[in-house]
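A short write-up of the structure that comes next.
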């Protein structure tokens, strides 16, 4: 992952996807997870999460926590191409 980040600029969607794939211990992700820290996206995080869902509906699971949308990975459906991102 570090090599990819160092060698080329990642899109915001790629940052979110790499964060989710690299942190198997974290089951549920919310936009607030991308509003600070290593995988910072900012206020656009919710929109990028929507784009990610449209791009990879086969392995992104959508949920809700209160009024906020959550995303999770369906690990059984993740393709080799996607795994190669990390």
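The values are calculated or read from the model by the stated rules, or taken from the named source; none is laboratory data. Because the structure is a prediction, the values reported are computed rather than measured. A quick note on method: Cβ atoms are made from the backbone with ideal geometry, for glycine too, and the neighbour counts reach across all protein chains shown.
Of all residues in the stretch 34-44, how many are assigned to a loop (DSSP other than H, G, I, E, B) and either in contact with a strand residue (DSSP E or B) (Cβ under 9 Å, 6 or more places away or on another chain) or crowded, with 19+ Cβ neighbours inside 10 Å (or both)? Working first, answer last.
If we filter the stretch 34-44 for residues that are assigned to a loop (DSSP other than H, G, I, E, B), which is where we start, we get 35-44.
Those left that are additionally either in contact with a strand residue (DSSP E or B) (Cβ under 9 Å, 6 or more places away or on another chain) or crowded, with 19+ Cβ neighbours inside 10 Å (or both): 39, 41.
Number satisfying all stated conditions: 2.
The single residue among 72, 47 that is under 21 Å from residue 25 (Cα atoms) and either modelled with pLDDT of 95 or more or surrounded by 11 or more Cβ atoms within 10 Å (Cβ to Cβ) (or both) turns out to be 72.
Suppose we keep only residues that are outside any loop (DSSP other than H, G, I, E, B) and in contact with a strand residue (DSSP E or B) (Cβ under 7 Å, 6 or more places away or on another chain) within the stretch 49-61. Which one would you say is farthest from residue 11 (Cα to Cα)?
Applying the first criterion (outside any loop (DSSP other than H, G, I, E, B)) to the stretch 49-61 yields 49-55, 60-61.
This time we only want the ones that are in contact with a strand residue (DSSP E or B) (Cβ under 7 Å, 6 or more places away or on another chain), so: 49, 52-53, 60-61.
Numbers: 49: 12, 52: 11, 53: 15, 60: 18, 61: 21 Å.
The selected residue is 61.
Is it the case that residue 64 is exposed (fewer than 11 other Cβ atoms within 10 Å of the Cβ) and part of a strand (DSSP E or B)? Judged against the criteria, residue 64 is a match.
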